[in-house]
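S.K.: I am attaching a structure below and will ask some questions about it afterwards.
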Amino acid sequence: MMNEIIPTEKEKAITNECVEKLKRGKLPPWKVEEELEANHGVIPPDNFKVAALCRQRYIEEKTGEKFRYIEVSEQPYKVRYQCGKHKLIWELDASDKDQRCSLCGTQLKPMGHYASLAANYVGGNEDYYSYAGRIKVKGDVEKEFTNLLVYGTGLGPMGITKGCYIINKFGGAGLSVSELASAARCLGYIFKTEELRKKAITAIEDFLLELKPEMDKKMSETGGRVGSVEFVQVRSDRGFILYVDFTADFENFRGHGGISHAVGFAKKEIEKRFQKENIQCELSVIAQGYDGDLKPSPRNKRGRYASAQISVPVQEFEEFLKISAEEFLSFVEIDCIGSQKLGCQF
Ligand SMILES: [Zn+2]
């Protein structure tokens, strides 16, 4: 149950004024703390809580939704401490009870400096919720979304907030969404010889014509149909590996359960077929590693492909970012290659 915070009369008046300013677009959401200090005499650390309440109210009034479960912490800020012995500086959540130096155990001394828990904090204990602004999309989806993030500290929420702001400034994002969604599931086999693997591929290929309609039946509840079937061969110390990767297309469902059911059925049928044709395999499995059981993404044949396009007037953009469009694209390329190397799907 949420503890309701009851603001004083003065806080109420200040909140009303800030919410109005936010609504008129005269105050960026990430500057509420500053505004409270500069124009209303609400100094740190008191301004952090009032700022969070202002943003909550603003979001509620904009969306017509209520913050019912995300409560604002009693002391929603970080405090800077110093260890007298090490001179090390620690920044801790104000609600942290343990205020000793992790290195020597000495009681830390507060330095009278405060910082917000996360940029644009709107509530939450331990996990901090941030307001990441609103974003306009048009095209296949016409809507203005309000974005909340669960984030640790750092600049992440700020980057997303500014990104949303810039997209809206250039008229919103044009969205296209593919008609069909895909789901994928893979079978994996190990054979002792190359010969056997070859035979297996031929056997499965011959069998597909008969198998596919049966698999479609297994997905009838969600209207799924087998799409592509891909054979991938890999040589390993364990033998000759064969992956058979099935995808299915769906109109109104994500279809992950459907394809799992259908490929589970195919696995048994293919094993029977192998037996009949005397093709011995060492192992027959659902190849979870290959199909990764990943969340939908156009890169792993899952989900519904969606793309967004923003038209950017180059000159205006350059003035805004204070960087040339070419330099900006190089910067994006460097980040993109880096994150792909690490496997992050940004
Ligand atoms: Zn210390």
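S.K.: Would you say Tyr290 is within 15 Å of Ala183 (Cα to Cα), assigned to a strand (DSSP E or B), within 30 Å of the chain's Cα centre (by Cα) and at pLDDT below 90?
M.R.: Judged against the criteria, Tyr290 is not a match.
S.K.: Among Lys10, Lys23, which is the only one that is free of Cβ contacts under 8 Å to residues at least 24 places away in the same chain and over 18 Å from Ser130 (Cβ atoms)?
M.R.: Working: Lys23 fails: free of Cβ contacts under 8 Å to residues at least 24 places away in the same chain.
Just a single option satisfies the conditions, and that option is Lys10.
S.K.: Follow-up question, since we're still on this one. Looking at (1) part of a loop (DSSP other than H, G, I, E, B); (2) exposed (fewer than 15 other Cβ atoms within 10 Å of the Cβ), find the lone condition where Ala38 falls short.
M.R.: Just one mismatch for Ala38, condition (1).
S.K.: State all residues of region 69-111 that are touching a helix residue (DSSP H, G or I) at 6+ places or on another chain (Cβ under 9 Å) and either more than 23 Å from Tyr121 (Cα to Cα) or of a type in the set (Phe, Trp, Tyr) (or both); if no residue qualifies, say none.
M.R.: Tyr77
S.K.: Just wondering, is there one or more residues in region 214-231 that are of a type in the set (Phe, Trp, Tyr) and either surrounded by 15 or more Cβ atoms within 10 Å (Cβ to Cβ) or not in a strand (DSSP E or B) (or both)?
M.R.: In the first step, residues of region 214-231 are kept if they are of a type in the set (Phe, Trp, Tyr); the result is 231.
Narrowing the set further to residues that are either surrounded by 15 or more Cβ atoms within 10 Å (Cβ to Cβ) or not in a strand (DSSP E or B) (or both) leaves none.
No, region 214-231 contains no residue that is of a type in the set (Phe, Trp, Tyr) and either surrounded by 15 or more Cβ atoms within 10 Å (Cβ to Cβ) or not in a strand (DSSP E or B) (or both).
S.K.: Here's something else I'd like to know. If you check Cys104, Cys83, which single one turns out to be within 16 Å of the ligand (Cβ to nearest atom), hydrophobic (A, V, I, L, M, F, W, C), more than 25 Å from the chain's Cα centre (by Cα) and surrounded by 14 or more Cβ atoms within 10 Å (Cβ to Cβ)?
M.R.: Working: Cys104 fails: surrounded by 14 or more Cβ atoms within 10 Å (Cβ to Cβ).
Of Cys104, Cys83, the one residue that is within 16 Å of the ligand (Cβ to nearest atom), hydrophobic (A, V, I, L, M, F, W, C), more than 25 Å from the chain's Cα centre (by Cα) and surrounded by 14 or more Cβ atoms within 10 Å (Cβ to Cβ) is Cys83.
S.K.: Would you mind finding the one in Trp30, Trp90 that is crowded, with 16+ Cβ neighbours inside 10 Å and within 16 Å of the ligand (Cβ to nearest atom)? Before the answer, list the steps.
M.R.: Working: Trp30 fails: within 16 Å of the ligand (Cβ to nearest atom).
One residue alone meets the criteria, Trp90.
S.K.: Could you give every pair whose Cβ atoms fall below 7 Å, whose first residue belongs to region 88-114 and is among the polar types (S, T, N, Q), and whose second residue is more than 11 Å from the ligand (Cβ to nearest atom) and in a strand (DSSP E or B), counting only separations of at least 6 or pairs across chains?
M.R.: Every condition considered, the pairs that remain are Gln99/Leu92.
S.K.: Could you tell me whether any residue of region 58-75 is away from the ligand (no atom under 14 Å from the Cβ), among the polar types (S, T, N, Q) and surrounded by 19 or more Cβ atoms within 10 Å (Cβ to Cβ)?
M.R.: Yes, region 58-75 contains a residue that is away from the ligand (no atom under 14 Å from the Cβ), among the polar types (S, T, N, Q) and surrounded by 19 or more Cβ atoms within 10 Å (Cβ to Cβ).
S.K.: Could you check region 193-235 and list, in sequence order, the residues that are under 21 Å from Lys301 (Cα atoms), touching a residue at least 40 places away in the same chain (Cβ under 8 Å) and among the charged types (D, E, K, R)?
M.R.: Across region 193-235, the qualifying residues are Asp216, Lys218.
The values are calculated or read from the model by the stated rules, or taken from the named source; none is laboratory data. Since we're looking at a predicted model, the values are computed, not measured. Cβ sites come from the backbone with ideal geometry, for glycine too, and all protein chains shown count toward neighbours.
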